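For reference, the structure discussed in these notes is given below.
No value in this document is a laboratory result; all are computed from the given coordinates. What you see is a predicted model; the values in this text were computed from it and never measured. Positions of Cβ are backbone-derived with ideal geometry, glycine not excepted, and every protein chain shown enters the neighbour counts.
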Amino acid sequence: MAEPAAAAAVGGVSPGPVKYPPSEYYRVKLMQTVFEVPKRYTDLTYHGSGAFSSVAKAMDTVLQRRVAIKKLSKPFYDPEYAKRTYREMYMLAYMDHPNIICLIDVYSPQLGHGDLREVYLVTPWMDADLKSVLKQYNKLSEEHVRFFAYQMLLAIRYLHSVGILHRDIKPPNLAITEDNDFQNIRLRIG
């Protein structure tokens, strides 16, 4: 099998669980969620949460870029949660397309301690999503619509070429960088 896309995307950083020494972690409470993160991630700010995760924005001091750190809630609570966790990690690690978000790091503070209560996924930080852009500007130019549609179709074509059907394509799941590159940020695979 080919090397995971995430490893290639970040200069050889393994997309598998990374075991940082216990002294390399620190804890920060953001809203009602405690994030336990390696020291390479600094300046954490709370971004939001959903049914199965909480997200913080941070600075990766190794790669010198902003990242999103997603803390999965009870990733192995039952077989269905474990399946969802595995699917998300696998898909993020092996996607290799400029319009699909990649996995930079995945870690667990408990790795090697006998139980994986927490799993964290680290991806590039995206500045906005299509929903917020539409809300802010109310209307996009025809040129922007064509540009975003083209990039979205490239991403969908890639997913279909590797046998994946994305079942949740909607404006909040279409992330946009500062330079208006489109990236499909949330893969909910069928």
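So here's what we get for this one:
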| read-out | value |
| --- | --- |
| Within the stretch 130-144, considering residues that are part of a helix (DSSP H, G or I) and basic (K, R), the one surrounded by the most Cβ atoms within 10 Å (Cβ to Cβ) | K131 |
| Filtered residues of the stretch 145-170 (kept if surrounded by 14 or more Cβ atoms within 10 Å (Cβ to Cβ) and under 27 Å from R66 (Cα atoms)) | F147, F148, Q151, M152, L154, A155, I156, Y158, L159, H166, I169 |
| Within the stretch 147-172, considering residues that are hydroxyl-bearing (S, T, Y) and free of Cβ contacts under 8 Å to residues at least 60 places away in the same chain, the one farthest from K131 (Cα to Cα) | S161 |
| Tally of residues being touching a Leu at 6+ places or on another chain (Cβ under 9 Å) and not in a helix (DSSP H, G or I) across the stretch 152-175 | 7 |
| Among (1) free of Cβ contacts under 8 Å to residues at least 24 places away in the same chain; (2) over 22 Å from R167 (Cα atoms); (3) of a type outside the set (F, W, Y), the one test that R65 misses | (1) |
